[in-house]
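The values are calculated or read from the model by the stated rules, or taken from the named source; none is laboratory data. Treat the numbers as computed from the prediction; the structure is a model and nothing was measured. Using ideal geometry, Cβ is built from the backbone for each residue, glycine included, and neighbour counts are taken over all protein chains shown.
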Amino acid sequence: MLKLLGLLLIGAGFAFRLNPLFVVVVGGLLTGVLGGLSINEVVAMMGQFFTDNRALLLPVIFMVPIVGLLERHGLQERMAALIRRATAATAGRVAWTYQILRGLTSVFGLSIGNHAAMVRPLIAPLAEGAATAPRAPLSEPQRADIRAHAAAAENVGNFFSDDIVVAVGALLLIKAFFDTAGIAVSLRELQLWSLPTALWVIAVGGWRYRALDARLRRVATALKTKS
Amino acid sequence: MTLLTLDLFLALGGAFLAILSGLIATDESHPQRWGSAAFWLLLAVALGAGPWLPSVVVGYLLLAITLLVATKQVGAPRFPADDIVLKEARAKQLGNRLLWPVLVVPCVAIVGGALLPQTNFGSWSLVSPKHGAQIALVLGCLSGLVLALRTTGERPLVAAREGGRLLQLLGWALILPTMLAALGGIMGRAGVGDAIAQLVAAVLPVQFPFIAVLAYCGGMALFTILLGNAFAAFPVMTLGVGLPFIVKAHGGDPAVMGTLGMLSGYCGTLVTPMAANFNLVPAKLLELRDEYAIIKAQAPFAVAIWAFNLIVMAVCVY
């Protein structure tokens, strides 16, 4: 049970809002040492795991020059102008549409984007633009609320409809695991049982983004009655 | 032989970070000039030269990076707010041409991911099939960059500066996902997962069929919250609770259990800071002041989806 101390330390570190990188590295060192490794062995493991997984950084590193360059030339402003033409668009509807599209593509095992490639350059500015009424700029908390929900649309759309038609990730992992454990399951069955949650997630999105729109509307009407 | 390896593109990424380090070192107005320059230079070496260095050296580079961060030597400068009027004018002038570079990226990534691994010249292959999708994404980004440079008429150094501005906003959050992967590996090696599964099975009365389902779905979510990764939680919980109790003791259907168990794990992913690349990195990227803002927005999603998974599994698994 002693080796769970590292996890406890990480939980406490997050709870006290210490720097997450520091918390994770110290937690890893402690877990390794309590697990019977020497400091040098743990550090070498860290280096090896970093090297094996460092391709995780690639999508962000190669995307930011494009996004930074285009934003300097008015990408966000252009997105806001585009969405103002669609009068039925609201922040919530933009997020919901993106969540569904993101889900539909991951059904086929495709990924159309991530936070760096889609949310920051396109989806967040679209949602903010849709919420901005003429002569009523968004307040800072409202802007944050919209952006957080745009990011949520990406995550929720990405997670819950993986592999239903074309399996490339999670379901293959489940199947491989059961195969090794000597239990027969077919990929078809796994895909079938993924479907109910994938549909439910769309309904949950409808509920949350409607709530977002309602919050934004309340502030807007309160402002209107004040003036 | 493989012509385009992933290591080659990672070295290119390292070169970009080294340029960023140089830009910071020559910027006299940067408030944390030397600490930040050192941070990006060390990271450039770890990223670009990783496979050619002994892993213990890479490990100590990462410790040095962490120390720089923990002692608050790394930061982003205050960037002058861009001229809004000028940007509005540029947006009007360039119009939808601004969108193409962003949209080109996923198109090239998807088409390239399908075609590249199948391109061979005799015994020479263009990319290794294992990394086809990742390399296609990088090629997509490079095509997007060329298009963006042409559209805006800027020099490449401006792209490096603007990209560097966004990278500095991310700072330490950029490497947190890889360090979490390392932590997960160390925990696996130290046997943390088995200890937790034993704990769950010892504490809960899993001889009741519904309690077994509750323990499995709850354990998947909880364990994912602790580790930040449902894929890491899945083998542990399934070996520790799912297979012995739901399948073997109560005769449950493994397909129903495995699928909905994994989906319960994803609900944990939505609410944990340990899933940094989904929850914390985007908060920084979107310049949210509260780094937990995305987790807070996702919490109601997580509860509603988890409860649904639990009910479907409880009704259909036996």
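Which pairs do you get when a residue that is within 7 Å of chain A (Cβ to nearest Cβ), found in segment B:153-172, comes within reach of a residue that is of a type in the set (G, A, S) and surrounded by 21 or more Cβ atoms within 10 Å (Cβ to Cβ), reach meaning Cβ atoms under 6 angstrom, with the pair 6+ apart or on two chains?
Partner pairs satisfying both residue conditions: B:E162/A:G68; B:G163/A:G68; B:R165/A:G68; B:L166/A:G68.
Identify all residues within segment B:116-142 that are surrounded by 12 or more Cβ atoms within 10 Å (Cβ to Cβ) and either hydrophobic (A, V, I, L, M, F, W, C) or in contact with a Lys or Arg (Cβ under 8 Å, 6 or more places away or on another chain) (or both); write none if there are none.
If the condition is that a residue be surrounded by 12 or more Cβ atoms within 10 Å (Cβ to Cβ) and either hydrophobic (A, V, I, L, M, F, W, C) or in contact with a Lys or Arg (Cβ under 8 Å, 6 or more places away or on another chain) (or both), then B:L116, B:L126, B:V127, B:A133, B:I135, B:A136, B:L137, B:V138, B:L139, B:C141, B:L142 are the ones that fit.
Every residue, every condition in (1) at the interface with chain A (Cβ under 10 Å from one of its Cβ atoms); (2) part of a loop (DSSP other than H, G, I, E, B), yes or no:
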| position | (1), (2) |
| --- | --- |
| B:H30 | no, yes |
| B:A37 | no, no |
| B:V57 | yes, no |
| B:L61 | yes, no |
| B:E88 | yes, no |
| B:K92 | yes, no |
| B:R97 | yes, no |
| B:L103 | yes, no |
| B:P106 | yes, no |
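Return a yes/no flag: does segment A:186-201 have any residue that is farther than 22 Å from B:V303 by Cα, over 20 Å from the mean Cα position of the chain (by Cα) and of a type in the set (K, R).
yes
So for segment A:121-137 (the condition being within 11 Å of chain B (Cβ to nearest Cβ) and touching a Phe, Trp or Tyr at 6+ places or on another chain (Cβ under 6 Å)), does at least one residue qualify?
yes
I'd like to know if segment A:70-77 contains one or more residues that are at the interface with chain B (Cβ under 8 Å from one of its Cβ atoms), free of Cβ contacts under 8 Å to residues at least 60 places away in the same chain, within 22 Å of B:F223 (Cβ to Cβ) and out of contact with any Lys or Arg (no Cβ under 7 Å at 6 or more places or on another chain).
no
For segment A:44-81, which positions are under 22 Å from the mean Cα position of the chain (by Cα), polar (S, T, N, Q) and under 15 Å from B:I175 (Cβ atoms)?
A:N53 - this is the single residue of segment A:44-81 that is under 22 Å from the mean Cα position of the chain (by Cα), polar (S, T, N, Q) and under 15 Å from B:I175 (Cβ atoms).
Quick one: in segment B:284-297, of everything that is at the interface with chain A (Cβ under 7 Å from one of its Cβ atoms) and either touching a residue at least 60 places away in the same chain (Cβ under 8 Å) or surrounded by 24 or more Cβ atoms within 10 Å (Cβ to Cβ) (or both), which residue is nearest to A:I61 (Cα to Cα)?
Ranking the candidates gives B:L285 first.
Among the residues that make up segment A:28-37, is at least one of them out of contact with any helix residue (DSSP H, G or I) (no Cβ under 7 Å at 6 or more places or on another chain) and over 28 Å from B:V102 (Cα atoms)?
Checked against the condition, which is being out of contact with any helix residue (DSSP H, G or I) (no Cβ under 7 Å at 6 or more places or on another chain) and over 28 Å from B:V102 (Cα atoms), segment A:28-37 yields at least one hit.
Could you check segment A:121-143 and list, in sequence order, the residues that are within 15 Å of the chain's Cα centre (by Cα) and either hydrophobic (A, V, I, L, M, F, W, C) or modelled with pLDDT of 90 or more (or both)?
A:L122, A:I123, A:A124
Name the pairs whose Cβ atoms lie under 6 Å apart, with the first residue in segment A:32-45 and over 20 Å from B:A64 (Cα atoms), the second buried (at least 17 other Cβ atoms within 10 Å of the Cβ), and 6 or more positions between them or separate chains?
A:L34/A:K3; A:G35/A:K3; A:G35/B:A190
Taking the conditions exactly as written (closer than 30 Å to B:L43 by Cβ and not assigned by TED's automatic domain parsing to the domain that holds B:P77), does B:L169 satisfy them or not?
no
Determine if segment A:2-10 includes at least one residue that is among the hydrophobic types (A, V, I, L, M, F, W, C), in a helix (DSSP H, G or I), at pLDDT below 90 and under 25 Å from the mean Cα position of the chain (by Cα). Give the derivation first.
Residues of segment A:2-10 that are among the hydrophobic types (A, V, I, L, M, F, W, C), as a first pass: A:2, A:4-5, A:7-10.
Then drop every residue that is not in a helix (DSSP H, G or I), which leaves A:2, A:4-5, A:7-10.
Of the ones still in play, those that are also at pLDDT below 90 are A:2, A:4-5, A:7-10.
Still in the running and under 25 Å from the mean Cα position of the chain (by Cα): A:7, A:10.
Within segment A:2-10, one or more residues are among the hydrophobic types (A, V, I, L, M, F, W, C), in a helix (DSSP H, G or I), at pLDDT below 90 and under 25 Å from the mean Cα position of the chain (by Cα).
Hey, could you check segment A:10-22 for residues that are of a type in the set (A, V, I, L, M) and surrounded by 17 or more Cβ atoms within 10 Å (Cβ to Cβ) and say which is nearest to B:F223 (Cα to Cα)?
Filtering first and then ranking leaves A:I10.
Restricting attention to segment A:208-219, report how many residues are closer than 19 Å to A:E154 by Cβ and surrounded by 15 or more Cβ atoms within 10 Å (Cβ to Cβ). Give the steps one after another, and end with the answer.
In the first step, residues of segment A:208-219 are kept if they are closer than 19 Å to A:E154 by Cβ; the result is A:208-213.
Applying the additional criterion that residues be surrounded by 15 or more Cβ atoms within 10 Å (Cβ to Cβ) yields A:208-209, A:212-213.
So the answer is 4.
Pull out all pairs, ordered by first then second residue, where Cβ-Cβ is under 7 Å, the residues are six or more apart or on different chains, the first lies in segment B:258-280 and is of a type in the set (D, E), and the second is at pLDDT 95 or above.
Close Cβ pairs satisfying both conditions: none exist.
Output the number of the condition that B:V236 fails; it satisfies all remaining conditions of (1) within 30 Å of A:L18 (Cα to Cα); (2) over 19 Å from the mean Cα position of the chain (by Cα); (3) surrounded by fewer than 23 Cβ atoms within 10 Å (Cβ to Cβ); (4) not aromatic (F, W, Y).
With (1) within 30 Å of A:L18 (Cα to Cα); (2) over 19 Å from the mean Cα position of the chain (by Cα); (3) surrounded by fewer than 23 Cβ atoms within 10 Å (Cβ to Cβ); (4) not aromatic (F, W, Y) applied to B:V236, the lone miss is (3).
Would segment A:96-103 turn up any residue that is of a type in the set (G, A, S) and within 12 Å of chain B (Cβ to nearest Cβ)?
no
(1) over 22 Å from the mean Cα position of the chain (by Cα); (2) at the interface with chain A (Cβ under 7 Å from one of its Cβ atoms); (3) more than 23 Å from A:R78 (Cα to Cα); (4) modelled with pLDDT of 85 or more: which one isn't true of B:A148, the others all being true?
Result: B:A148 fails condition (3) only.
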